[in-house]
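The values are calculated or read from the model by the stated rules, or taken from the named source; none is laboratory data. Model, not experiment: these values are computed from the prediction. In this analysis, Cβ positions are derived from the backbone assuming ideal geometry, glycine residues included, and neighbour counts consider all displayed protein chains.
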């Protein structure tokens, strides 16, 4: 797929913006804009039950209101011992105003005594045009939840999310993370359409 240009990245999350800009800049040159360029814009509430539904809400809302093709993602962490939670509510796991530290603290409390710590990051991306057309894709990255934070990169659950090689997402150089992450896999799948 050739990305439209300009393309609006429908997020204000600085970590997501850095990653999406790096991944798309490497794979498909386009003029990228973000919601930072639209300070008065209010995104819709994330009310869908799954990642794809939330990404769809955000992408179509931004495209319709701002008149540009818009790319939105929704992502989260799914932990087997918690029945797939926190899932699409990952950013609000410890409450509506929770920060990364509070979310990670709750995750560790919930996993005390768990027999397994297997987990995965999952991401859905939707590219929506102002006329209502869309393209979507999903990606995942398998791992497990560690007992202590390691690394200084990334954001969210990255210091606790251990890859099969034992490193956490927060220990990876940004370029490596942007090749293997759930978000990278979803964006690559979208570009391959």
State the number of residues belonging to region 24-41 that are farther than 16 Å from residue 1 by Cβ and within 19 Å of the chain's Cα centre (by Cα). 4
Under the condition of being assigned to a strand (DSSP E or B) and in contact with a helix residue (DSSP H, G or I) (Cβ under 9 Å, 6 or more places away or on another chain), which residue from region 156-170 is surrounded by the fewest Cβ atoms within 10 Å (Cβ to Cβ)? 162
Sole residue being surrounded by fewer than 17 Cβ atoms within 10 Å (Cβ to Cβ), at pLDDT 95 or above and not in a loop (DSSP other than H, G, I, E, B), chosen from 26, 56, 109: 109
Quick check: is even one residue across region 141-148 touching a strand residue (DSSP E or B) at 6+ places or on another chain (Cβ under 9 Å), closer than 24 Å to residue 60 by Cα and either modelled with pLDDT of 95 or more or not in a loop (DSSP other than H, G, I, E, B) (or both)? no
Exactly one of these conditions fails for residue 1: (1) in contact with a helix residue (DSSP H, G or I) (Cβ under 9 Å, 6 or more places away or on another chain); (2) in contact (Cβ under 8 Å) with a residue 24 or more places away in the chain; (3) over 16 Å from residue 135 (Cα atoms); (4) surrounded by fewer than 16 Cβ atoms within 10 Å (Cβ to Cβ). Give me its number. (3)
Take region 171-193 and flag every residue that is part of a loop (DSSP other than H, G, I, E, B) and loosely packed, with under 15 Cβ neighbours inside 10 Å. 173, 193
Would you pick out the residues in region 85-106 that are within 15 Å of residue 154 (Cβ to Cβ) and in a loop (DSSP other than H, G, I, E, B)? 99
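For region 64-84, what are the residues that are part of a helix (DSSP H, G or I) and closer than 23 Å to residue 185 by Cα? Write out each step before concluding.
Narrowing region 64-84 to residues part of a helix (DSSP H, G or I): 64-66, 80-82.
Result: 80, single match.
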Quick check on my filter: what residues within region 86-99 are buried (at least 18 other Cβ atoms within 10 Å of the Cβ) and out of contact with any strand residue (DSSP E or B) (no Cβ under 8 Å at 6 or more places or on another chain)? 94
